[in-house]
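The values are calculated or read from the model by the stated rules, or taken from the named source; none is laboratory data. The structure presented is a predicted model; accordingly, all values stated were derived computationally and were not measured. We place every Cβ from the backbone using ideal geometry, glycine too, and count neighbours over all the protein chains shown.
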Amino acid sequence: MIFTPIRLVLAAVGAITGVVTLVVVLTALAAFAGSPGECDSGEREVEISSALAQHFQDKLDDFDEQLDGGQATSFTLDESEATSRGREFLEEKNAPIEDLKVCFNGERVSASGKLSAMLGLDVKVKITGALDLNGEHPRLADLDIDVGGVPGFITGRIEGVIEDVINDQLDHIDIEHQLEIIFSEGTATLSGQP
């Protein structure tokens, strides 16, 4: 068989299309079949209960009431309270996220969970980042996102886009007081000035 220039071009296009299709299929399989693992809580056990969720909500309500009354205040929460309340919040909003786990490590917060994707398939996701409460709206910065078993060089290309989408949604939350959050191993302390 003699290869004419048009046959060579068609063969090259076919080969490139085949490789791209294979990479997309393998990446999708890695996303749905793999797991980045849970966020790192070290040796700490994260408990989940409606009592812990209510305890966190009560702390937050008292915090808001004191700030609205003109008093500076603060409170500390742990990973179990944050995880429990986060799960209830997601359930209330019918969010397609299950098995949320929140971890506090030093200056960063991380979360992991299972995202219900299309066709009933689930993708396990882990996100780590810094939380900034110094503006009119909260901001997540320096995100590190792991999706299923997808290699980091692939997810790294979309982290900025995901960070922008999350921060666009955070624009709907107004910060009415001067807030600061300090993370330590297993706990976070939220402080506010009226």
**Q.** Residue check for Glu98: in contact (Cβ under 8 Å) with a residue 12 or more places away in the chain and among the charged types (D, E, K, R)
**A.** yes
Q.
For Thr73, only one of the following conditions fails: (1) under 15 Å from Leu179 (Cα atoms); (2) modelled with pLDDT under 95; (3) polar (S, T, N, Q). What is its number?
A. (2)
